[in-house]
1. In nm, what is the difference between 0.36 nm times the number of residues separating residue 25 and residue 77 and their Cα-Cα distance?
2. Given q = 0.16, 0.19, 0.22 Å⁻¹, what are the Debye log10 I(q)/I(0) values for region 36-139, with equal point scatterers placed on the Cα positions and solvent ignored?
3. In what sequence, highest mean first, do 72-79, 103-110 appear when ranked by Cβ atoms within 10 angstrom?
4. Label 7 Å along Cα→Cβ of residue 95; region 102-122 residues with amide nitrogen under 19 Å?
């Protein structure tokens, strides 16, 4: 009986641990925060969605107010179309802007909403007009390296031109001084002294 009791306790602890892991996974994926019945749907278009994924949180002032429902590509404009499920308990002005932000330096990306000042609110099925695409780290590094290379080439050309001009000026001055000295030092012929015998 004692051995069976220990096995039962171990099994109970394992089940509790698995239940805790499932709960943490649901919270991390934000699956239980907003359901389909208590949310309204809006869309936002981005030139680049980065690594944004479905089920990513939608936040306003750091508070989760919804989640990303679907992500698709518009075949005409070639923009990323992101469909958002917003909790019905939150209403946002019609001129609200949406940005793709990153949690921390290398964290997951999410949608950040910044409310505007319009008196009318966003309604279901409407599109957020003001958006800001994701900042891609690889693109920033490439732009930094390209700008650094262009700056080095520009500085090198400027320094080379300055050095060449200085050398040309020095050589010209030296040549002019050397060629002008003999012609300027020739003396005039001497006149005969007065009172000399004819």
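Derivation of every value follows stated rules applied to the coordinates shown; laboratory data play no part. The structure displayed is predicted, hence computed values, not measured ones. Note that we place each Cβ from the backbone using ideal geometry, even for glycine, and neighbour counts take in every protein chain shown.
1. Working: separation 52, 0.36 × 52 = 18.72 nm, distance 3.58 nm.
Extending this stretch completely gives an extra 15.1 nm.
2. -0.64, -0.91, -1.21
3. On the way: 72-79: 9.9, 103-110: 11.5.
Final packing ranking: 103-110, 72-79.
4. Only 113-122 pass the distance filter.
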